[in-house]
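Comments concern the structure below.
Just so it is clear, none of the values below were taken in a lab; they were calculated from the coordinates. Keep in mind that what you see is a predicted model, and the values were worked out from it rather than measured. All Cβ positions, even for glycine, are placed from backbone atoms using ideal geometry, and neighbour counts span all protein chains on display.
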Amino acid sequence: MDVTAEIRKLEESHLVSEVRGSAARLGALLAEDFVEFGSSGRVWQRAEIIDDVVSEEEEPGVARFISDFIAKRLAENVVLTTYRCTRRSPSGEVRVSLRSSVWRKSGEGSWQMCFHQGTMAAPPVDPDLA
């Protein structure tokens, strides 16, 4: 698997409820020095984001998906990703955010996210395009 496909799979994995509900699985994706600049403007450290995401009570049937995915290698073991994340609730509410992450390959050879930023974006005029 090439690096772009591997990192995209990791980005998509942290959007699914099975990973979001597991501190161990989510923690495995995040480097010890992980920092997030959230779409709310809050700065999150690794332990805080794990606690918050795992304890979220989300409406059943929410779907999240990635589009416009780009991965750019910054160094041999560092990759920057940018993409659009769309969250659609069963009621039809659509929220769109622009996302960027920095992934670093650990000494053990696994990729871990060390930085993430989300910025809210306007949803498409036609929600079917999201």
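A cut-off of 5 Å between modelled amide H atoms, ignoring neighbours fewer than 5 places along the same chain, links L30 with M113.
In order along the range 57-66, the phi-based Karplus estimate (6.51 cos²θ - 1.76 cosθ + 1.60, θ = phi - 60°) of 3J(HN,Hα) comes to 9, 9, 4, x, x, 5, 10, 10, 8, 9 Hz; Gly and Pro are listed as x. Using the alpha-carbon atoms, what tilt in degrees (0 to 90, nearest 10) does helix 46-55 show relative to the longest principal axis of the chain? Rounded to the nearest ten degrees, it is 40. Scalar couplings 3J(HN,Hα) for the range 39-45, obtained by applying the Karplus form with A = 6.51, B = -1.76, C = 1.60 to θ = phi - 60°, are 5, 7, x, 7, 9, 10, 9 Hz; x denotes Gly and Pro.
Across the range 18-32, rounded Karplus estimates of 3J(HN,Hα) from the backbone phi angles (6.51 cos²θ - 1.76 cosθ + 1.60, θ = phi - 60°) give 5, 7, 4, x, 10, 4, 5, 5, 5, x, 5, 7, 9, 5, 4 Hz, Gly and Pro being marked x. For R84, the shell of other residues with beta-carbons less than 12 Å away shows a net charge of +2, using +1 for Lys and Arg and -1 for Asp and Glu. Against the chain, whose longest principal axis is taken from its Cα atoms, helix 3-13 shows a tilt of about 50°.
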